[in-house]
Amino acid sequence: SKAQGCNTCHFFTKEMNMGVTRRLALEEQLHGALGNSELEVLYQPLVDIHSRSIIGAEALLRWHNPTLGEISPDEFIPVAEQTGLIIPIGEYVLAQALEKTAQWVHQRQWPFKIAVNLSPRQFRDERLVTFIEQQLQANSVPGSHLELEITEGVLMGDHGYINSALETLCRMDIGIAMDDFGTGYSSLSYLRSYPFDTLKIDRSFINDINVDPADRELVNAAIAMAHGLGLKVVAEGVETEEQLESLATQYCDVAQGYLFSKPVPPEEISRMLIKGRF
Ligand code: C2E
Ligand code: CA
Ligand code: CA
Ligand code: CA
């Protein structure tokens, strides 16, 4: 009926307005987030599957805003990306992460890697390499302790530029990880075209690894393929011993997930490193 159509229309418009309002509020608040110290970098341990020792951590950003509350990076990173705020925010994450890594590398006698996420706009920023170089130097951290995690989105576009940027990072001994493997359409062709060191299998595949035979086969195949290409494999979102066991039987190298720890403040990582293993 006509009334129904009207209601639907009204409802839809209201939803859309809420979306726009929310988006504007996020954007407005995000401008002040860095200056107001609302951003925090948490770290989630990366665990060697066979020895259960901590071999690194991924830096994960958190935003606590007095008006909007706790906002998930899945919601605010795209806003930061669209507004360009990701450049100063990303530099903040790198600077924080490398400062902590200097401590952790010093504390620990064997390799420790910090993994930092890079969004497309950051990767296209021509000051990125210089900034990373400065931060590594300022903290006396060799490039070999840093791994940049990039998704397919980062690799779309000018092959020439991407290739030379990756080569420069490679020469600095910085690792490159393909993040969210399995969720995009072109991961395989990118794996062939660029010099990755690590493949991170997306959490959505690990989730049902012991329930869904298709997911298990895909994960097994991804691990075998990555190893065939000489890449290290990290499984994201490992929550149970059963999942870890399945990954271990396939010789997956590294696990990250709530089974070991959720993302935590840096002091927690320091404490974990004293013990060294899970
Ligand atoms: P991601 O890079 O795929 O990071 C892994 C996400 O999985 C993180 O969500 C982490 O907290 C979550 N996770 C880890 N283990 C488990 C588990 O066992 N179970 C469950 N349910 N979740 C787990 P988070 O921290 O909310 O980050 C979401 C996304 O936001 C990240 O996905 C990444 O794409 C982006 N992000 C976070 N920090 C940064 C940053 O500093 N820069 C950029 N460019 N992106 C970031
Ligand atoms: Ca990541
Ligand atoms: Ca993921
Ligand atoms: Ca490499």
Exercise. Multiply the residue separation of I274 and T130 by 0.36 nm, subtract the distance between their alpha-carbon atoms, and state the gained length in nm to one decimal.
Key: 48.5 nm
Quiz item: Does anything in region 259-278 have its amide N under 15 Å from the 7 Å Cα→Cβ label point of W110, and if so which residues?
Solution: 273-278
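For the chain, report the accessible area per residue in Å² (1.4 Å probe, heavy atoms, rounded to an integer). Walk me through the numbers before you get to the answer.
Values: 14100 Å² over 278 residues.
That works out to 51 Å² for each residue.
What is the magnitude of the charge dipole of the chain about its Cα centre, with +1 placed on the Cβ of each Lys and Arg, -1 on the Cβ of each Asp and Glu, and no other charges, expressed in debye to the nearest 20?
Details: 22 positive and 38 negative charges, 46 e Å.
Result for the chain is approximately 220 debye, rounded to the nearest 20.
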Exercise. Rounded to whole Hz and in sequence order, give me ³J(HN,Hα) for region 205-210 from the Karplus expression 6.51 cos²θ - 1.76 cosθ + 1.60, θ = phi - 60°, writing x for Gly and Pro.
Key: 7, 6, 2, 9, 4, 9
Quiz item: Which percent of Cα-Cα pairs in region 36-166 sits in each 10 Å bin, short to long?
Solution: 11, 40, 34, 14, 1
Self-check item: HN-Hα J in Hz across region 142-154 - Karplus 6.51, -1.76, 1.60, θ = phi - 60°, x for Gly and Pro
Solution: x, x, 5, 8, 10, 10, 9, 9, 10, 9, 3, x, 5
Quiz item: Residue farthest toward the positive end of the dipole of the chain, with Cβ of Lys/Arg at +1 and Asp/Glu at -1: which of I201, N36, I54?
Solution: N36
Exercise. Below 29 Å Cα-Cα, how many Lys pairs turn up in the chain? Only count pairs eight or more apart in sequence, or on different chains, if you could.
Key: 16
Self-check item: Within region 71-91, backbone nitrogen closer than 18 Å to the virtual label 7 Å beyond the Cα of E40 toward Cβ
Solution: 71-77
Self-check item: Among S261, A226, S186 - extreme Cα towards positive end, dipole of the chain, charges at beta-carbon
Solution: S261
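What are the DSSP H helices in the chain that stretch 30 Å or more along their long axis, judged by alpha-carbon atoms, and whose average Kyte-Doolittle hydropathy comes to at least -1.0? Numbers along the way, then the final one.
Working: long enough: 2-33 (46 Å, -0.49); 86-107 (31 Å, 0.25).
Span-like helices in the chain: 2-33, 86-107.
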Quiz item: When you take every Cα atom in the chain, what is the radius of gyration, and what is Dmax, the widest Cα pair distance, in Å?
Solution: 20.2, 73
Exercise. Provide the gained length on full extension for the span D197 to E242, in nm with one decimal, where the gain is 0.36 nm per separating residue minus the Cα-Cα distance.
Key: 13.5 nm
Quiz item: Counting DSSP beta bridges with both partners in the chain, what percentage is antiparallel, nearest 5?
Solution: 45
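The values are calculated or read from the model by the stated rules, or taken from the named source; none is laboratory data. A quick note: this is a predicted structure, and the numbers were derived from the prediction, not measured. All Cβ positions, glycine included, derive from the backbone under ideal geometry; neighbour counts span all protein chains shown. Accessible surface is based on the protein model in full, side chains and every heavy atom, while ligands, DNA and RNA are left aside. Shrake-Rupley method; radii C 1.70, N 1.55, O 1.52, S 1.80 Å.
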